[in-house]
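A.B. asks: Have a look at the structure that comes next, please.
Every number in this text was worked out from the coordinates using simple rules, so none of it is lab data. Since the model is a prediction, treat every value here as computed from it, not as a measurement. Here the Cβ positions follow ideal geometry from the backbone for every residue, glycine too, while neighbour counts run over all protein chains shown.
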Amino acid sequence: MQNDLHIVSIKGGGFMRLELVDITLENGVVQIGGKNRQGKSCILSLIQMMKGKAYMPEIPKNSDSRKGKFEIALGDMDNAIQYIVKYSFTDKNSYLSVEDSEGKSLGMAFIKDFLSPCLDPVEFFQNATATGLGAKERRRRALDVVREVMRFDFNLESFLNSIGLSEDDHARSLFSQSSDPVEYFSKLEEYIKTNRKEWNDQKRSIETRVNSLKLEVPANLRNAEPESVSDVLETYHKSVDVEKHAKEMAAQIELDNKLIEDLKTRLKEARVDLETHEAVLTELIDAMDSMPTPEQTKIKLDSIEKTNEIARKAEQLRELASELEDTENGIEQRNDILESLADSRVKTLESAQMPVKGISILEDSIVKNGIPLGQDSTEEGITDAFMIGLAKFEAMDAANKPKLKTMVISNASLMDKEARERLYAMAEEHGIQLIMELVMDERESGVIFVENGTAVSTAE
């Protein structure tokens, strides 16, 4: 594409072993040769620093210089310079910047968007096969590169339905926070594990309360239901009213007896009243005999309170038993989800279109045909890393943005001539500028030769 870029030239001095560099680079295979410890790898380090300050050595300046300065020109397919990356170093600090062809400052983040994460396939291969301290983080960086070029056939709704989380908004939101299904599976697995822990904590809390209530509620009373206190109180209040009425009628009878003596003239009528009152009194006394006394009522209320206390606890016990069952079901469901998640991860990876035939992801490692990357040979591993870089360029093509189609192979002498020629052919086929670092004792035609920190392009 016309938008593609490559490195046109590198000029400057004072960086690490480099005293003077003034080289022009072809848009194809570029070989940088020389003996060991002459400054070849320093030129590749300059290119790597386009990734940002994290790739700058702690002491970048040459020990024989008080300061250093470099410019890397990036041009299009017609070698017209589009951007210039500038580095400068002093005793106290280092600076990185980028300008467009008109001198406008753009910032390093602008250039980083142009770069393939496989700018140096050797670095990718070393990260992918790292062991020891910091290895996990380095392997993760390599995995991120592979995932960037994988194409997944993944349906979120179907997946959530299959594991029973179609109504879980958080599980759905995690997908929008992930760059691909593999990262999503990791985040979802962490969420489910945290959620399962919460359910297990809740289960232990419920079980503690259940066991406590079981000590207070006898087994034969765990189906007890509360009795009505209001009915007992209503009966008691009625007995109080009857007793009061009876006392009033007794007093009235006493008054009537006195009136019999005083009201002889009204004797006949009084006797009728007396008989009536006596009849009522008899009924009231009979009613009183069937009514509970205050002491009986208190005993009944105390009994009901004890019964109701047991009944309330029995009801709590039944509710907790149901809650405990729901919690255990929830934990079991999350165990099933985690198991399904593992299966889905495997199936999704198996169905993904990988950038290199045989390449896949197994847990936190990159494998080829089921064995860790690079176990067959370093040459094969570097070649695979190069092909992953090519796949990344293809993915970048879809965005129709400028990209630096440059890759560097540090210490390419690790590969034999046949393996290097295979890379040359692939680079030419895909329009890649491939910069190779080679150990050689003598100058060769077409090779940028570095000697005593000096690399200068010549007519030769």
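A.B. asks: Of E157, E183, E190, E198, which residue is acidic (D, E), in a helix (DSSP H, G or I) and touching an Asp or Glu at 6+ places or on another chain (Cβ under 9 Å)?
C.D. replies: E183
A.B. asks: I would also like to ask the following. Name the residue, out of I310, I253, that is among the aliphatic types (A, V, I, L, M), more than 30 Å from V210 (Cβ to Cβ) and surrounded by 13 or more Cβ atoms within 10 Å (Cβ to Cβ).
C.D. replies: Only one candidate qualifies: I253.
A.B. asks: Return a yes/no flag: does the range 272-281 have any residue that is surrounded by 14 or more Cβ atoms within 10 Å (Cβ to Cβ), touching a residue at least 24 places away in the same chain (Cβ under 8 Å) and either in contact with a Cys (Cβ under 9 Å, 6 or more places away or on another chain) or under 30 Å from A321 (Cα atoms) (or both).
C.D. replies: No, because not a single residue in the range 272-281 is surrounded by 14 or more Cβ atoms within 10 Å (Cβ to Cβ), touching a residue at least 24 places away in the same chain (Cβ under 8 Å) and either in contact with a Cys (Cβ under 9 Å, 6 or more places away or on another chain) or under 30 Å from A321 (Cα atoms) (or both).
A.B. asks: Here's something else I'd like to know. May I ask you to verify whether L143 is under 29 Å from D4 (Cα atoms), crowded, with 16+ Cβ neighbours inside 10 Å and not small (G, A, S)?
C.D. replies: On the way: under 29 Å from D4 (Cα atoms): yes; crowded, with 16+ Cβ neighbours inside 10 Å: yes; not small (G, A, S): yes.
Criteria met by L143.
A.B. asks: Read through the list (1) farther than 27 Å from M426 by Cβ; (2) in contact with a Lys or Arg (Cβ under 9 Å, 6 or more places away or on another chain); (3) buried (at least 19 other Cβ atoms within 10 Å of the Cβ); (4) of a type in the set (A, V, I, L, M), then give the number of the only condition that I163 fails.
C.D. replies: (2)
A.B. asks: Can you name the number of the only condition in (1) over 30 Å from A419 (Cβ atoms); (2) in contact with a helix residue (DSSP H, G or I) (Cβ under 8 Å, 6 or more places away or on another chain) that S360 fails?
C.D. replies: (1)
A.B. asks: Across the range 93-128, which residue is surrounded by the fewest Cβ atoms within 10 Å (Cβ to Cβ) among those that are touching a residue at least 60 places away in the same chain (Cβ under 8 Å) and β-branched (V, I, T)?
C.D. replies: I111
A.B. asks: Ok, one more. Please go through (1) among the small types (G, A, S); (2) over 30 Å from T297 (Cβ atoms); (3) in contact (Cβ under 8 Å) with a residue 24 or more places away in the chain for S212 and return the number of the only condition it doesn't satisfy.
C.D. replies: Looking at each condition in turn, S212 falls short on (3).
Each row is one residue, and each column tells you yes or no for (1) more than 21 Å from L25 (Cβ to Cβ); (2) in a loop (DSSP other than H, G, I, E, B); (3) touching a His at 6+ places or on another chain (Cβ under 9 Å).
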site: A385; (1), (2), (3): yes, no, no
site: I388; (1), (2), (3): yes, no, no
site: F393; (1), (2), (3): no, no, yes
site: V408; (1), (2), (3): no, no, no
site: S413; (1), (2), (3): no, no, no
site: R420; (1), (2), (3): no, no, no
site: Y424; (1), (2), (3): no, no, no
site: E429; (1), (2), (3): no, no, no
site: L434; (1), (2), (3): no, no, no
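A.B. asks: Also, I was wondering about something else. Could we say that V367 is touching a Ser or Thr at 6+ places or on another chain (Cβ under 6 Å) and surrounded by fewer than 22 Cβ atoms within 10 Å (Cβ to Cβ) here?
C.D. replies: When the stated conditions are applied, V367 passes them.
A.B. asks: May I ask you to list pairs of residues, at least six apart or on different chains, whose Cβ atoms are under 6 Å apart, with the first in the range 347-375 being closer than 18 Å to Q126 by Cβ and the second being charged (D, E, K, R)?
C.D. replies: V356/D384; I359/K368; D364/R139
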